[in-house]
Amino acid sequence: MLRSIPDSIFNLYKPVSRWESFYLRTRWRLCPFELIESSLPSRGRILDFGCGYGMLSNLLAERSPERTVVGIDLNPKRLGVALRSVAERKNIHFHLGDVEGLHPSPFAAAVMTDVLHHIRDDQVEILLRKVYRCLDQDGLLAILDVDRTPFWKFCVTFTIDSLLNPTDRLWYRPLRRIQEMLKSTGLKTEKVIPADHGLPLADVLLLCRKNRDPDPRGDIGKT
């Protein structure tokens, strides 16, 4: 069953336009935010890269006051909506830009939700290296992205993405290819969780940590 956005999250954004209301409700129903939240540490600094409207950031901050959540995005319109949801809370912050502009203290975890398939291969590897440097020694990276199975769900995912991003090129990679890219940048995939239960989309959640013996091909200092 597709779940409705909790009032505690939706009310943070009020007043909302019709489009914002439609987007918030639809996005929540189609993304396993609660699965992602339950996979992340309950305390410490957490980076939400490509946070968009900030729904996951808000969920993370609401579920545990011991988290300090930092959401970043390059889209000023979406980030403007996210900023509007902050109010007086002290454990959530949103920034326009890239990870390089953030405070250098390390994050206990980072998360990227539906980000990688919007970025071409060479830029993905640059991004993963940047995120690697943001994590503390035992930091966790959670990535939600598109799998190619089951095929009918992949077709639904492709259709929705194409409608929402008609001018963008999309890069759907096999799961093995994503894991290879992670390994080459010093990140080891610890767990792969199917994230499509009850959803019409072919989502998969990868939980990764810094590899103590990274692939020698991965130059962590490269930007």
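All of the numbers you see were taken from the coordinates with simple rules; none came from a lab. Just so you know, these numbers come straight off a predicted model, no measurement behind them. Cβ coordinates were reconstructed from backbone atoms using ideal geometry, including for glycine residues, and neighbour counts include every protein chain displayed.
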Points 7 angstrom from Cα along the Cβ direction at Ile126 and Arg89: gap in nanometres?
3.2 nm
Roughly what % antiparallel, to the nearest 5, for the DSSP beta bridges in the chain?
40 percent
Of Arg18, Arg89, Arg129, the one that fluctuates the most in a GNM where the chain has Cα springs shorter than 10 Å:
Arg18
In nm, give the distance between the simple-model label positions of Arg133 and Phe22, each being 7 Å from the Cα along the Cα-to-Cβ direction.
4.1 nm
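With the cut-off at 1.5 for a/c, could you classify the range 154-202 from its C-alpha gyration tensor as rounded, prolate or oblate?
Values: a/c = 3.43, a/b = 1.50, b/c = 2.29.
Oblate.
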What do you get for Rg/Rh over the chain if you use C-alpha atoms and the Kirkwood form of Rh?
0.94
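Kindly flag which residue pairs out of Lys77/Lys191; Lys90/Lys130; Lys77/Lys188 have an alpha-carbon separation exceeding 29 Å in this structure.
Values: Lys77/Lys191 34 Å; Lys90/Lys130 26 Å; Lys77/Lys188 34 Å.
Where the Cα-Cα span goes over 29 Å, the pairs concerned are Lys77/Lys191; Lys77/Lys188.
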Neighbour-count order for Cys155, Cys31, fewest beta carbons within 10 angstrom listed first:
Cys155, Cys31
Going by average Cβ neighbours within 10 Å, how do the peptides 158-171, 132-145 rank, with the highest at the top?
132-145, 158-171
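Only counting other Cβ atoms within 10 Å, I'd like Phe10, Phe33 sorted with the fewest neighbours first.
On the way: Phe10 18, Phe33 21.
Exposure proxy ranking, most exposed first: Phe10, Phe33.
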So how far apart, in nm, are the two label points at Trp152 and Arg169 if each is 7 Å from Cα heading toward Cβ?
3.2 nm
